[in-house]
Amino acid sequence: SADKLEGGGDGEEKKPARVVYGKKKKGGKKKEGTAAAVVAKPEPVKEPEPEPEPEPEPEPEPDPEPADDWDADSWDADSDAEPNLAGLTAKIAIVSAISIEDDDEDQIEKDKRIEQERLRAIGLERAKVEAAERERRAALLEEEEEMGRKEAEAAEKRILAAKARRKREEDNLAARSRDDLRCPIVVIMGHVDTGKTKLLDKIRKTNVQEGEAGGITQQIGATFFERSTLEKQTERARASASKFEFKVPGLLIIDTPGHESFTNLRSRGSSLCDVAILVVDLMHGLEQQTIESLNMLRSRGTPFVVALNKVDRCYAWKACPEAPIREALESQPEGTVGEFRSRAEEAKVQLAEQGINSNIFWEMGDDDWMSSDFVPLVPTSAISGEGVQDVLLLLCQMAQRKLWKQIMWCGNLQCTVLEVKAIDGMGMTVDVIVVNGYLREGDKVVMCTLDGPVVTEIRGLLTPPPSRELRIKSEYIHHKEIKGALGVKLIGNGLEKVMAGTPVLVVGPEDDEEDIKGEVMSDLTKLEEKLSTDKNGVMVQASTLGALEALLQFLREETKPPIPVSSIGIGAIHKKDVTKISVMKEKGNPEYATILAFDVEVNKEAKEYAEEMGVRIFTADIIYHLFDQFTRFMEDLAEKRRQEASAVAVFPSIVKILPQHVFNQKDPIILGVEVAQGILKIGTPLCVPALGGLHIGKVTSIEMNGKQQETARKGSSVAIKIENDSNPNLTYGRQFDATNNMYSTLTRASINALKENFKDTLTTEDWRLVVQMKKVFNIM
């Protein structure tokens with residue numbers, strides 16, 4: 001059988017494989033081969049060509065001839081398949097590679113799909129957000145349009161309401177009549193101690209002392225004189241004057257004397273005061289506050305009567321209680337009348353110096369009366385009452401002759417806040433003067449505060465009873481309606497912060513509330529607009545809006561130089577005001593950490609805090625005093641700064657040595673010199689720029705004609721002592737001599753100190769020298 005097999009091996013190319021049971025080799029390979037064969041079934045297996053010489057391979061190729069030492073037992077069925085294994089392996093590798101490639105392609109596709117899904121989800125989310133944003137924008141746009149529409153409607157409504165209000169006001173003005181006059185409003189002004197209060201008391205009490213309480217009613221903040229009372233009170237005065245018929249319903253005299261009440265009586269920029277009594281002390285003539293009052297009256301165009309008070313101080317004056325002044329003068333000795341005449345002439349001259357034409361009232365002709373710039377002088381005595389009747393009569397005559405157009409009663413409400421007071425059982429109340437128009441209980445009124453307009457309803461209109469002494473709250477008389485001109489107390493809510501001197505307006509059924517609010521706040525808004533220019537400046541605090549306005553005008557226009565104002569306030573000074581102005585110290589302007597308080601109280605806590613913070617509070621009841629205090633402080637501060645800066649500041653000077661006057665050549669060097677240019681001061685360091693800036697020393701003494709001097713100006717010949725601590729061996733004639741001029745040693749710091757503190761001390765020529773010396777010392 002072995003021979004057969006050998007012979008068969010020569011003749012046949014392929015032998016059938018024989019399976020041996022029991023001896024299984026390379027089982028794994030067989031299975032793989034079988035699996036590979038199953039996989040690769042579609043393609044016919046190509047037999048590898050026999051190679052001439054076998055190479056040692058991990059999987060040997062079949063030899064062309066079988067080995068002689070062949071053992072039947074060692075034969076394996078797989079051995080016949082070995083020649084095909086390499087091809088199969090290659091094919092398996094190709095198929096595996098294809099399979100892996102397919103798997104890779106599947107993974108890439110999968111990743112792409114996932115990425116697409118993710119991007120789609122993001123896109124959907126973004127579209128949703130954009131849609132929501134579009135909706136939001138559309139809603140906002142719609143809301144803005146709606147708001148714009150509402151604002152436009154409100155603005156249009158406001159404009160229409162303002163037009164309608166102006167039309168009503170014009171109609172009311174057109175409806176005025178000379179037959180329907182209101183009470184003229186009178187204030188009493190003048191310097192301290194001229195007798196304003198006494199004269200006011202005399203005017204108010206004249207009738208009471210005669211036992212006629214009726215007819216004089218003490219209104220809130222004002223005294224009201226009825227026409228019948230005026231007729232009785234001026235009866236004697238009218239007998240000695242030309243016949244005069246009363247047409248005014250009475251007089252309303254403001255209780256508070258002084259120009260504060262005048263400045264408070266303002267409505268929407270114009271004065272509510274119709275006529276004033278300017279009290280002048282006959283013994284002293286015009287004084288500072290009188291001039292201030294005069295200027296106020298002229299700036300507002302308010303007519304006034306001058307009461308030459310204290311006529312009873314004339315030598316040997318015989319009192320004639322309550323008599324008209326002409327009757328009183330007739331009964332005086334000739335010397336007394338002579339003294340009165342000379343003092344009255346002095347007063348006329350002083351008034352003329354202020355640009356006021358004046359004359360004794362009974363010496364005025366009709367031309368003087370009709371001439372608006374002539375002022376009547378009325379001699380009075382607040383002690384015994386002479387001339388008081390004449391003052392009242394003159395006020396009524398002026399009102400009817402000159403002011404009748406102004407005092408025709410008008411339906412337009414003109415109402416001003418005089419004072420805000422807390423009353424037990426009523427809370428905060430506001431005292432107002434109603435000049436024109438009506439105020440009714442239940443009216444909705446708008447008032448002005450520093451925090452903005454306040455709208456409230458009038459819960460009560462009160463006036464005190466005719467019995468003047470009673471001031472008990474239960475005694476007030478309630479009114480449903482008040483017609484101007486009258487003083488009245490308002491009760492309402494939210495009145496705590498209402499400012500004195502501001503207008504009160506009523507919101508009518510046809511009015512727009514916002515329009516009325518704007519109108520009420522207009523005065524304060526205008527005042528704040530004027531202020532917006534100064535970033536650095538003092539704080540100004542006043543009792544009322546009118547006083548604040550007067551003070552600001554004074555500080556900005558009448559002071560030289562003007563005092564800058566950074567913030568304003570109305571009412572008492574509190575801790576927060578001190579905190580607000582203390583910022584000026586941080587801004588590098590400690591001199592402006594100052595509060596100018598005009599006629600206001602300073603809270604105790606604020607006073608202590610101001611001392612702690614280094615904030616100064618100047619208080620005064622007279623504008624001039626406030627200005628004087630601040631000016632004095634600024635001068636002291638400037639002087640202090642000059643002293644501090646004198647160590648740094650070097651004044652420019654060029655000094656020529658006089659060689660024939662060398663008194664000491666070595667430290668201290670004493671020389672005779674001539675100041676060629678500039679100012680030589682004690683403490684000036686000197687050098688010689690021609691010798692490389694050689695430091696000579698500091699001037700410690702200047703002497704002229706045997707007298708010590710602080711400074712020597714251009715052209716002066718003086719002896720100077722120079723000390724040099726850093727180089728005491730410096731000798732005149734060795735290191736330097738008279739061939740070179742000495743210069744004061746200037747630096748950038750010294751020039752800056754000159755600019756800041758000694759600007760006014762140096763002349764234009766001195767500043768030119770500074771510029772010239774900057775080039776010598778190479779100062780930029």
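The values are calculated or read from the model by the stated rules, or taken from the named source; none is laboratory data. What you see is a predicted model; the values in this text were computed from it and never measured. Cβ coordinates were reconstructed from backbone atoms using ideal geometry, including for glycine residues, and neighbour counts include every protein chain displayed. Remember, those area values only see protein heavy atoms, side chains included, never the ligands or the DNA or RNA. Shrake-Rupley method; radii C 1.70, N 1.55, O 1.52, S 1.80 Å.
Things to note:
- Surface per residue (accessible, 1.4 Å probe) for the range 584-705, Å²: 50 Å²
- Full extension of the chain segment joining ALA319 with LYS774 gains 156.0 nm, where the gain is 0.36 nm per residue of separation less the Cα-Cα distance.
- Annotation for the range 673-766: GluC sites (Glu not before Pro) lying in DSSP loop with at most 13 further Cβ atoms inside 10 Å of their Cβ are GLU710.
- Cleavage-rule hits (GluC sites (Glu not before Pro)) in the range 586-616: DSSP loop, at most 15 neighbouring Cβ within 10 angstrom: GLU601
- Rounded to the nearest Hz, the phi-derived 3J(HN,Hα) couplings of the range 493-504 under the Karplus curve 6.51 cos²θ - 1.76 cosθ + 1.60 (θ = phi - 60°) are 9, x, 9, 4, 9, 4, 9, 5, x, 9, x, 10, where x marks glycine and proline.
- Percentage relative contact order, the range 690-747, counting C-alpha pairs under 8 Å, at least six apart: 33 percent
- Of ARG126, ARG298, the order by accessible heavy-atom surface (1.4 Å probe, DNA, RNA and ligands excluded), from most exposed downward, is ARG126, ARG298.
- At the residue level, ASP193 shows approximately 120 square angstrom of accessible surface with a 1.4 angstrom probe and all protein chains present.
- Accessible-area order (highest first, 1.4 angstrom probe) of the listed residues LEU392, LEU329, LEU119: LEU119, LEU329, LEU392
- Assuming charge only on the beta carbon of Lys and Arg (+1) and of Asp and Glu (-1), the dipole of the range 309-402 about its Cα centre is about 240 debye to the nearest 20.
- Calculated P(r) of the range 369-450 - Cα pairs past 22 Å, %: 55 percent
- Label-to-label distance for GLU170 and ILE108 is 8.8 nm, based on points extended 7 Å past Cα in the beta-carbon direction.
- Contour minus Cα-Cα distance for GLU117 and GLU156 (0.36 nm per residue): 8.4 nm
- Net charge over other residues, Cβ less than 12 angstrom from the Cβ of ARG176 (K, R count +1; D, E count -1): -2
- Two-site FRET efficiency, ALA647 against HIS574, from Cβ-Cβ distance with R₀ of 30 Å, rounded to 0.05: 0.15
- Shape of the range 632-678, Cα gyration tensor, a/c cut at 1.5: prolate
- Using a Förster distance of 51 Å, the FRET efficiency for THR761-ASN359 (Cβ separation, nearest 0.05): 0.50
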